[in-house]
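Where a number appears in this text, it was derived from the coordinates with a stated rule and is not lab data. Not measured: the values here are computed from a predicted model. Every residue, glycine as well, gets a Cβ built from its backbone with ideal geometry; the counts of neighbours run over all protein chains shown.
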Amino acid sequence: MIVSPSLLSADFGNLERDLDMINRSEAQMLHLDVMDGVFVPNISFGFPVIKYVQQLCTKQLDVHLMIVEPQKFVNEVRDTGATIMNVHYEVCPHLDRVVQQIHDAGMKAGVTLNPATPVSLLRDIVAQVELVLLMSVNPGFGGQKFIPNTLNKVRELARLIEETGSKAVIEVDGGVNDVTGRQLAEAGAQVLVAGNYVFKAEDPLAAIHTLAALS
């Protein structure tokens with residue numbers, strides 16, 4: 001299992017310490033949630049912070065834009081050194097164009113679905129993206145309870161990916177822990193985003209190992 005700890009749950013007063021832990025861990029990615037207070041009811045951090053993180057982190061950066069009009073910031077995301085730019089289906093009426101912009105900028109493209117957004121809406125785009133992120137909580141805040149229907153959506157998405165010949169991997173974010181992580185792995189998820197489960201653990205390295213060992 002690919003583990004992508006969510007920076008939103010890190011201790012920003014000890015960011016270098018937490019990033020050093022990530023570097024020493026089995027995590028392959030680092031998940032960065034950019035929130036604008038418009039699309040989601042919260043504000044997080046911006047591109048200067050991501051650039052700083054990139055200088056300290058040896059893992060791939062998965063930048064998840066929880067913002068309106070993400071297409072305006074493709075170059076800014078690229079300039080942070082991000083590997084993946086992840087945008088929400090709900091804010092991209094011209095999603096095909098945005099995916100092309102992301103690819104033209106040299107990044108992998110991800111598309112995210114909120115809990116109430118049907119997987120079927122991705123049929124015409126899923127073969128063009130490298131990653132699909134299913135939100136298993138309503139975006140905007142950490143520490144929320146896992147939405148069980150996400151397991152059905154993971155199974156449906158796995159079928160859609162197979163039917164369309166897509167190479168996209170399935171990522172899930174929200175309420176991920178050792179129990180829900182195992183359920184998600186069994187359903188077909190390949191990347192788990194974990195915030196509190198990792199950063200609030202007594203032994204964050206062990207928490208990451210537990211998720212990474214899932215198959």
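Quick look at the values:
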quantity	calculated
Single residue of 143, 175 found to be of a type outside the set (A, V, I, L, M, F, W, C), surrounded by fewer than 16 Cβ atoms within 10 Å (Cβ to Cβ), over 14 Å from residue 65 (Cβ atoms) and in contact (Cβ under 8 Å) with a residue 24 or more places away in the chain	143
Test result for residue 161, in contact with a helix residue (DSSP H, G or I) (Cβ under 8 Å, 6 or more places away or on another chain), buried (at least 19 other Cβ atoms within 10 Å of the Cβ), without any contact (Cβ under 8 Å) to a residue 40 or more places away in the chain and not in a helix (DSSP H, G or I)	no
Selection count, segment 22-35, where residues are in contact with a strand residue (DSSP E or B) (Cβ under 9 Å, 6 or more places away or on another chain) and farther than 21 Å from residue 131 by Cα	2
Test set (1) surrounded by fewer than 21 Cβ atoms within 10 Å (Cβ to Cβ); (2) among the β-branched types (Val, Ile, Thr); (3) touching a Gly at 6+ places or on another chain (Cβ under 7 Å) - residue 84 fails condition number	(1)
Residues satisfying the stated conditions in segment 20-78, i.e. within 26 Å of residue 97 (Cβ to Cβ) and β-branched (Val, Ile, Thr)	34, 38, 40, 50, 63, 67, 68, 74, 77
Residues being of a type in the set (Phe, Trp, Tyr) and touching a helix residue (DSSP H, G or I) at 6+ places or on another chain (Cβ under 7 Å) - total across segment 68-120	1
Residues satisfying the stated conditions in segment 120-132, i.e. surrounded by fewer than 21 Cβ atoms within 10 Å (Cβ to Cβ) and over 19 Å from residue 31 (Cα atoms)	120, 121, 123, 124, 125, 126, 127, 128
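Let's see how each residue does on (1) on the phi > 0 side of the Ramachandran plot; (2) polar (S, T, N, Q); (3) in contact with a Phe, Trp or Tyr (Cβ under 7 Å, 6 or more places away or on another chain):
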| position | (1), (2), (3) |
| --- | --- |
| 93 | no, no, no |
| 109 | no, no, no |
| 119 | no, no, no |
| 147 | no, no, no |
| 154 | no, no, no |
| 161 | no, no, no |
| 171 | no, no, no |
| 174 | yes, no, yes |
| 177 | no, yes, yes |
